[in-house]
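Have a look at the structure below, then the notes.
No lab work stands behind these numbers, since they all come straight from the coordinates. Everything numeric here is computed off the predicted structure, so don't read it as measured data. We place every Cβ from the backbone using ideal geometry, glycine too, and count neighbours over all the protein chains shown.
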Amino acid sequence: MSANTMTFDRFSTANFDFKPVLAGVSALLLILGGGGLYGAARGNHVVEHLQIEGPFKRVSPELVRIAVANQLPEGFLTMDLEAARASLERLPWVEHARVERVWPGDLRVRIWEREAYSRWHANELLSTKAVSFLPDAKEIPEGLPKLSGPDGHEQEVMDAYKQLSQRLAETPLPLAQLDMDVRGEWLARTASGIELRLGQGAPDSKLDMITGPMLRALGPRLSEVNYVDLRYTNGFAVAWRAPGAAAEEKKQ
């Protein structure tokens, strides 16, 4: 993946100017301080350069600079690298960070960003590694599936959604949402708004019923379905939308 390498000069802890100088395999930000990034008191070695490498899709160089600058009063030799790394990993979109000294006076920072897989509850996101995080509302991508579940069940909910959505993708019931409540009850919602009440246990155990008998029975009238209760051993129950609701939805 191509990105820019940038050189920052006239650097201070307050602001800086920059210009791109070349392209490389990954983004590399080089912040140059005329007299050092920070001249620590009592003879501590100064930080001459700060190199920041990362994709810079969700995490800006400025955010990284600020997070690292908060640790700079310690100086080059005594700066707590673990504290700097922890500060970076508290940024919502940072999955992992690495901070290291490069002699004689540079700091090198590497950022790995999270990729959003789905929404999680009302305001959070779930990463592709099933880690929930809370970004600014304006940073939430459009068109993500909606997942929710008890804390600690993120991976289970994601895996269940993948299994269901893969089987239902080529049917008239593509999946848009999957919820697991504290009792272990599963509720799915299709892109057209039909609820699938799956009950407890493995959600994918209902797939044969959904793609077989249920679709054969309801296919011509799917637009009239409000929800399907699949919590039965060998069957299902249907709740229909109010008369005219399906027609009204088509007009919108």
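Details
- Filter pass, residue 109 being surrounded by fewer than 17 Cβ atoms within 10 Å (Cβ to Cβ) and of a type in the set (A, V, I, L, M): no
- Number of the exception - residue 128 against (1) surrounded by 13 or more Cβ atoms within 10 Å (Cβ to Cβ); (2) of a type in the set (Ser, Thr, Tyr); (3) under 25 Å from residue 116 (Cα atoms): (1)
- Per the conditions (1) within 27 Å of residue 63 (Cβ to Cβ); (2) free of Cβ contacts under 8 Å to residues at least 12 places away in the same chain, the sole criterion not satisfied by residue 166 is (1).
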